[in-house]
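Single-structure report; data block below.
Just so you know, all these numbers are worked out from the coordinates, no wet-lab data involved. Remember, predicted model here, so these are calculated numbers, not experimental data. Reconstructed Cβ throughout: ideal geometry from the backbone, glycine too, with neighbour counts over all protein chains shown.
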Protein chains: 2
Amino acid sequence: MNLPTWDLDPKFDFCEEHRVDPDKKVSLKDTATEMEGPFRGKAHGHAFTAKAVAEIQSLQYRTFVEGQQSLVIVLQALDAGGKDGLIRKVLGQMNPQGCRTFPFKAPSSEELDHDFLWRIHAAAPAAGKVSIFNRSHYEDVLAVRVEKLAPKSIWKERYELINDFEALLAHRSTRVLKFYLHISPAEQLQRFKKRLDDPSKHWKLNAGDYATRDQWEEYREAYEDVFEKCNSKQAPWYIIPADKKWYRDASVAAIVRKTFQDMDPQLPAVDVDIDRIRKLYERAESSD
Amino acid sequence: MNLPTWDLDPKFDFCEEHRVDPDKKVSLKDTATEMEGPFRGKAHGHAFTAKAVAEIQSLQYRTFVEGQQSLVIVLQALDAGGKDGLIRKVLGQMNPQGCRTFPFKAPSSEELDHDFLWRIHAAAPAAGKVSIFNRSHYEDVLAVRVEKLAPKSIWKERYELINDFEALLAHRSTRVLKFYLHISPAEQLQRFKKRLDDPSKHWKLNAGDYATRDQWEEYREAYEDVFEKCNSKQAPWYIIPADKKWYRDASVAAIVRKTFQDMDPQLPAVDVDIDRIRKLYERAESSD
């Protein structure tokens, strides 16, 4: 199924542009946090996103009805990276009957009494469904490493365990799309400052925001290791230039749409006798 | 908080119009399946719904941030009554990070090994959140009764148990809104026929649809008993005239909005020193 791209440069391939190359070591410092891609500015990007979201809704419907394949969408970012906005504007537009969002916060004491993938596995989508992970098992090799919540001997074993887990999902026809929303330190600071100016956002503030800024380098290194060690064909990483919110939304929508197109969900064959039902209805109608 | 009603007759109160009066026995036969309320037709209704949904989104955000109160929205209807459309167009527009939809199908064998409210209780919303029940515990006194899946001695005890359960939810600041989407037999037949004409809807067809039409009277009676026995102030029933989809969407949006307004969620007080953070940021900016 090939869908129109609304007069975008047909040679621009969002997946190829942003997918992490498994054969190269990523340098986040040298990866753009801002771009316009094939768009003529913000309005063009918004128009594209609206159309891509409509197609995603239709493809999600087919996937749900087909009931064979599943999709996990992992979102990772530093604070103020835009995960919530992306969910509100793009991913949360999927029909909630077939799509659920899981915000993974610091684990509860019950969760800590299990292996780190226990709560993640419980959130895996059933056949036909989509799970959105707002943060994920990757925090167990990111925040856990940078904040020193576990010793290196523990977290260094997790990369392989994560790959094994994602292979298990693939084995049951579940694709995993992993997005890192990449913003610059300057953009993050602007977003923090905007929260100060908007009283309805003050609840989001905490003194720790500033502290994590000091750990930027350590997080960068931890992310670069993730991109290198956990980036399989069935579960690829995409680094999204996210300083411009409209480009973030448009490019993620494009990649999700393309993934659904590749899944190519089919409406199941009908096992009822349409003509017989039609006759029953016609008879009912004449007697109503 | 009193919000504008976009030049609707201010005397028209959707809640009062559609709420089941606890002191009167409902006759579904004598309850309208079609009306236009205060609207000048479909376009006016759609415009109202769009604005009401935007306000619901904003009130849901405040409820989520407040983190004190919860909301359960129960949807019941006969087949083709429009639950899925209502979720897609109105209720599913809430932010999925604070709102989850539960489609309750025929219980699994594990669920059947527990009391009938076990799986429902597990779906109760946490503080600040919303749960949408697509079908609900009411099927245990509706389908179970009409299809004779349990003897009367069992299901007749459930009304009181349901009331007790809903009182428990109210005790933890959870409101329960219950909607019955009321369509006429003729409208149901039209919707079944439309499915025949649309191959992408054929998977929804099953020979049983026609059979339930024969049980219309029995379902009507079972619903009327529910409205009489399980209709408390904290967990009221609303009967929505649902032949016109736009009126269904507009009136449910109005009632959900009004409920959130009554909940009157408050943004929590901030416990950080805004000025101190502002200074930290300004310093960071000048050194970036």
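Exposed loop sites are taken as trypsin sites (Lys or Arg not before Pro) in a DSSP loop (any state but H, G, I, E or B) with at most 14 other beta carbon atoms within 10 Å; the longest stretch of chain B without one runs B:41-104.
Once the GluC sites (Glu not before Pro) in DSSP loops with at most 15 neighbouring Cβ atoms within 10 Å are cut out of chain B, the longest remaining piece is B:158-288. With the Cα gyration tensor of segment B:28-84 giving a ≥ b ≥ c as the square roots of its eigenvalues, does the rule (a/c under 1.5 for rounded; else a/b larger than b/c for prolate; else oblate) give rounded, prolate or oblate? Note, shape of segment B:28-84 comes out oblate. Summed over all non-identical Cα pairs, the Kirkwood treatment of segment B:131-288 gives a radius of 19.8 Å. Angle of helix A:42-66 to the longest C-alpha principal axis of chain A, folded into 0 to 90 degrees and rounded to 10: 60°. Could you work out how far apart the two model spin labels at A:LYS105 and A:GLU36 are, taking each label as a point 7 Å from the Cα in the direction of the beta carbon, and quote it in nm? With each label point 7 Å from Cα toward Cβ, the separation is 4.1 nm. Axis of helix A:274-287 versus longest Cα principal axis of chain A: the two differ by about 70°, to the nearest ten degrees.
For B:ALA186, the label point sits 7 Å beyond Cα toward Cβ; its separations from the matching points on the remaining copies run 6.7 nm, from shortest to longest. Largest first, the extents of the alpha carbon coordinates of segment B:1-151 on the three principal axes equal 52, 42, 29 Å.
For the protein assembly as shown, a/c is not less than 1.5, where a ≥ b ≥ c are the root eigenvalues of the C-alpha gyration tensor, and a/b tops b/c. That puts it in the prolate class.
Could you tell me which residue out of A:VAL176, A:LEU196, A:PHE116 lies farthest along the dipole of segment A:109-197 toward its positive end? Charges go on the beta carbon: Lys and Arg +1, Asp and Glu -1, centred on the Cα centre. Of A:VAL176, A:LEU196, A:PHE116, it is A:LEU196. For B:ASP273, the distances from its label point to the matching points in the remaining copies are 8.1 nm, ordered from shortest, with each point set 7 Å beyond Cα toward Cβ. Site pair B:ALA127 and B:GLU147 shows an inter-label distance of 3.9 nm when each label is modelled 7 Å from Cα along Cα→Cβ.
Between segment B:61-88 and segment B:213-266, how far is it from one alpha carbon centroid to the other, in angstrom? Centre-to-centre (Cα) distance: 11 Å. Compared with the dominant principal axis of the Cα atoms in chain A, helix A:216-229 is inclined by about 50°. Note on A:PHE179, A:PHE116: ascending count of other Cβ atoms within 10 Å places them as A:PHE116, A:PHE179, the fewest first. Remark: for residue pairs B:LYS89/B:LYS178; B:LYS83/B:LYS152; A:LYS245/B:LYS42; A:LYS204/B:LYS51; B:LYS42/B:LYS89; A:LYS129/B:LYS83, the C-alpha separation exceeds 23 Å in B:LYS83/B:LYS152; A:LYS245/B:LYS42; A:LYS204/B:LYS51. For segment A:14-287, what does the alpha-carbon gyration tensor say about shape, rounded, prolate or oblate, given a ≥ b ≥ c as the root eigenvalues, a/c under 1.5 as rounded, and a/b over b/c as prolate? It comes out prolate by the Cα gyration axes. Sorting B:MET94, B:MET35, A:MET263 by the number of Cβ atoms found within 10 Å of their own Cβ, with the fewest placed first, yields B:MET35, A:MET263, B:MET94.
Quick one: compute the contact order of segment B:14-287, relative version, from alpha carbon pairs under 8 angstrom and 6+ residues apart, as a percent. Write out the running numbers ahead of the final one.
Numbers: 355 pairs, mean separation 97.0, N = 274.
Result for segment B:14-287 is 35 percent.
Distances between copies at A:GLU217, taken between label points 7 Å from Cα along the C-beta direction, are 8.3 nm in increasing order. When only alpha carbons are used to place a centre, segment B:127-183 and segment A:156-187 end up 40 Å from one another. Measuring r between the beta carbons of B:LYS233 and A:ALA269 and using R0 = 56 Å, the FRET efficiency lands at 0.65.
Each label was represented as a point 7 Å from its Cα along the Cα-to-Cβ direction; for A:SER173 and A:LYS156 these points are 4.1 nm apart.
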